[in-house]
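Read the structure below first, then the notes.
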Amino acid sequence: MARHIVARTSDIPPGGNKVFGVEGRDIVVFHVNGEFFALLNRCPHEGAPLAKAACVARLTSPEPGVYQRSRVGELLRCPWHGWEFDMRNGQSWFDPQRVKVRSYPVAVESGGELQKGPYVAETFPVHVEDSYVIIET
Ligand code: FES
């Protein structure tokens, strides 16, 4: 699996998302509750861009007239027909065995972890002959 460095964490504001073209696919990265989630930016129903989806909460009801919200912002509601998907794994809420959005692992790493030093500049030998400075490349 290839790794792609797509953005600084500060490029995707909390509660927002950003779409990246990766190997010919549009992948949308969401920033929710301090975590990042990556999904194919295409609804499996008729192809709506999930970057335009509403980020909603899970609603449960133990009894009529009582409801509870959880996982606020982690469920996607498609902008075209309202199908809902779990941002963590792309599964649909209504048919988790058969319908899902492709999801991708996301990692957040510091610049120092991505590229270990020491960083060395390219150098060239220098000679001084009489009053001329000569650089060899
Ligand atoms: S295109 Fe997403 S629910 Fe129809």
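The values are calculated or read from the model by the stated rules, or taken from the named source; none is laboratory data. The structure presented is a predicted model; accordingly, all values stated were derived computationally and were not measured. Ideal geometry is used to build each Cβ from the backbone, glycine not excepted, and the neighbour counts take in all protein chains shown. Ligands, DNA and RNA are stripped out before the accessible areas are found, and what is left, the full protein with its side chains, is counted by its heavy atoms. Shrake-Rupley method; radii C 1.70, N 1.55, O 1.52, S 1.80 Å.
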Separation of alpha-carbon centers, the range 1-44 and the range 66-93, rounded to whole Å: 17 Å
List ILE12, ILE5, ordered by accessible area with a 1.4 Å probe, largest first: ILE5, ILE12
Compactness index (Cα Rg / 2.2 N^0.38 Å), the chain: 1.66
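How large is the dipole of the chain about the Cα centre if only Lys and Arg carry +1 and Asp and Glu carry -1, each at its Cβ, rounded to the nearest 20 debye?
On the way: 15 positive and 16 negative charges, 206 e Å.
Dipole of the chain, to the nearest 20 debye: 980 debye.
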Most to least accessible of CYS43, CYS55 (protein chains only, probe 1.4 Å): CYS55, CYS43
Electrostatic dipole magnitude of the range 1-77 [Cβ: Lys, Arg +1; Asp, Glu -1; Cα centre; debye, to 20]: 60 debye
Highest average packing first - 48-54, 17-23, Cβ atoms within 10 Å: 48-54, 17-23
Computed lengthening from LYS52 to ARG77, 0.36 nm per intervening residue step minus Cα-Cα distance: 8.1 nm
